[in-house]
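Scroll down for the structure; my scribbles are underneath it.
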């Protein structure tokens with residue numbers, strides 16, 4: 001079940017990124033991010049009320065820490081995409097979101113089997129190839145944005161690792177704290193850089209409809225790490241750019257570049273190896 005939940009989470013993140021990117025072209029990335037986050041907060045609160053749960057103080061603390069990591073990752077990703085080279089920021093952040101949890105998991109004693117280990121090794125270049133091919137041409141002379149990409153990857157990866165520490169008895173309730181705290185770094189960095197972030201028109205709130213998808217992604221991530229190994233789950237979830245690429249090809253008729261095609265093949269091979277482990 002861990003693999004299935006991880007792949008559902010990756011699919012949900014890929015769908016959210018695709019439609020979120022489309023909406024942000026009209027309303028701006030910061031405004032869209034806040035609308036999506038608030039929609040996710042409402043959806044998570046409703047899901048938690050239905051499913052219940054008995055979280056401990058430690059569960060709340062880890063959930064809040066996860067929100068800080070994910071929020072910081074989102075903020076640095078948006079800053080990097082807006083000021084640096086997208087072809088650097090996107091793949092660096094995607095790789096970081098996979099590598100950080102793997103490093104944490106291995107350091108705490110996880111040992112994936114040979115097939116799963118090989119799948120993880122193959123998945124990393126797949127993530128890089130797919131993510132690096134999802135960006136548009138950019139003007140020469142822009143800063144690389146490597147630091148923002150690294151910080152975004154560390155934030156997302158740390159968030160994944162913190163979610164792994166939430167107990168199964170807590171259900172989805174602590175994720176409400178994750179959603180609340182994740183808003184803070186986005187709002188703070190947007191305000192600090194002078195970027196508008198609050199949706200001021202009814203149309204700008206359309207991103208909130210993506211909130212339930214984000215809630216589903218977080219819930220499946222939580223259930224996946226509770227049922228399986230963090231090192232495996234985090235890598236599978238980090239394959240979400242493959243879903244974004246597929247949707248762009250199907251809906252927008254965008255051409256899949258050679259590097260992306262190779263990455264998609266490697267991603268399929270990685271999933272196959274991990275699923276057989």
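The values are calculated or read from the model by the stated rules, or taken from the named source; none is laboratory data. Quantities reported herein were computed from a predicted structural model and do not represent experimental measurements. All Cβ positions, glycine included, derive from the backbone under ideal geometry; neighbour counts span all protein chains shown.
Identify, by number, the condition in (1) more than 22 Å from residue 69 (Cα to Cα); (2) at pLDDT 90 or above that residue 252 doesn't meet.
(2)
Do we find that residue 93 is under 22 Å from residue 129 (Cα atoms), touching a helix residue (DSSP H, G or I) at 6+ places or on another chain (Cβ under 7 Å), modelled with pLDDT under 90 and surrounded by fewer than 20 Cβ atoms within 10 Å (Cβ to Cβ) in this structure? Can you show your working first?
On the way: under 22 Å from residue 129 (Cα atoms): yes; touching a helix residue (DSSP H, G or I) at 6+ places or on another chain (Cβ under 7 Å): yes; modelled with pLDDT under 90: yes; surrounded by fewer than 20 Cβ atoms within 10 Å (Cβ to Cβ): no.
The answer is no for residue 93.
Working carefully through the options 274, 262, 250, 256, find the one that is assigned to a loop (DSSP other than H, G, I, E, B) and more than 18 Å from the chain's Cα centre (by Cα).
256
Condition first: within 20 Å of residue 10 (Cα to Cα), outside any loop (DSSP other than H, G, I, E, B) and in contact with a helix residue (DSSP H, G or I) (Cβ under 8 Å, 6 or more places away or on another chain). Can you find one or more residues in the stretch 198-206 that meet it?
Residues of the stretch 198-206 within 20 Å of residue 10 (Cα to Cα): none.
No; the residues of the stretch 198-206 include none that is within 20 Å of residue 10 (Cα to Cα), outside any loop (DSSP other than H, G, I, E, B) and in contact with a helix residue (DSSP H, G or I) (Cβ under 8 Å, 6 or more places away or on another chain).
From the list 161, 169, 177, which residue is modelled with pLDDT of 90 or more, over 21 Å from residue 34 (Cα atoms), outside any loop (DSSP other than H, G, I, E, B) and under 19 Å from the mean Cα position of the chain (by Cα)? Quick ask: steps written out before the conclusion?
Values: 169 fails: under 19 Å from the mean Cα position of the chain (by Cα); 177 fails: over 21 Å from residue 34 (Cα atoms).
Among 161, 169, 177, only 161 is modelled with pLDDT of 90 or more, over 21 Å from residue 34 (Cα atoms), outside any loop (DSSP other than H, G, I, E, B) and under 19 Å from the mean Cα position of the chain (by Cα).
Go through the stretch 57-67 and give me each residue that's loosely packed, with under 13 Cβ neighbours inside 10 Å and either in contact (Cβ under 8 Å) with a residue 12 or more places away in the chain or under 20 Å from the mean Cα position of the chain (by Cα) (or both).
none
Could you please tell me which pairs satisfy a Cβ distance under 9 Å, a separation of 6+ or placement on different chains, a first residue in the stretch 235-250 that is without any contact (Cβ under 8 Å) to a residue 60 or more places away in the chain, and a second residue that is outside any helix (DSSP H, G or I)?
Pairs found: 249/255; 249/256.
So residue 185 ticks every box in (1) in contact with a helix residue (DSSP H, G or I) (Cβ under 6 Å, 6 or more places away or on another chain); (2) surrounded by fewer than 24 Cβ atoms within 10 Å (Cβ to Cβ); (3) not in a helix (DSSP H, G or I) but one. Which box is left unticked?
Tallying (1) in contact with a helix residue (DSSP H, G or I) (Cβ under 6 Å, 6 or more places away or on another chain); (2) surrounded by fewer than 24 Cβ atoms within 10 Å (Cβ to Cβ); (3) not in a helix (DSSP H, G or I), residue 185 fails exactly one: (3).
Yes or no: the stretch 219-227 includes at least one residue that is in a helix (DSSP H, G or I), farther than 30 Å from residue 55 by Cβ and in contact (Cβ under 8 Å) with a residue 12 or more places away in the chain.
Checked the stretch 219-227: no residue is in a helix (DSSP H, G or I), farther than 30 Å from residue 55 by Cβ and in contact (Cβ under 8 Å) with a residue 12 or more places away in the chain.
For the stretch 1-28, what are the residues that are closer than 14 Å to residue 203 by Cα, more than 13 Å from the chain's Cα centre (by Cα) and in a helix (DSSP H, G or I)?
Matches in the stretch 1-28: 22, 23, 24, 25, 26, 27.
Being surrounded by fewer than 20 Cβ atoms within 10 Å (Cβ to Cβ), free of Cβ contacts under 8 Å to residues at least 40 places away in the same chain and closer than 29 Å to residue 102 by Cβ: is that true of residue 194 here?
No; evaluated as a whole, the condition is false for this residue.
Determine whether the stretch 70-82 contains at least one residue that is part of a helix (DSSP H, G or I), at pLDDT below 90 and surrounded by fewer than 16 Cβ atoms within 10 Å (Cβ to Cβ).
No - not one qualifying residue is present in the stretch 70-82.
Would the stretch 118-128 turn up any residue that is modelled with pLDDT of 90 or more, closer than 26 Å to residue 267 by Cα and not in a helix (DSSP H, G or I)?
No, the stretch 118-128 contains no residue that is modelled with pLDDT of 90 or more, closer than 26 Å to residue 267 by Cα and not in a helix (DSSP H, G or I).
Within the stretch 10-56, can you find the residues that are modelled with pLDDT of 90 or more, crowded, with 22+ Cβ neighbours inside 10 Å and within 20 Å of residue 248 (Cβ to Cβ)?
10, 12, 36
Just to be sure, is residue 232 in contact (Cβ under 8 Å) with a residue 12 or more places away in the chain, farther than 19 Å from residue 17 by Cα and in a helix (DSSP H, G or I)?
yes
Of 217, 208, which residue is within 16 Å of the chain's Cα centre (by Cα) and either under 23 Å from residue 159 (Cα atoms) or crowded, with 20+ Cβ neighbours inside 10 Å (or both)?
217
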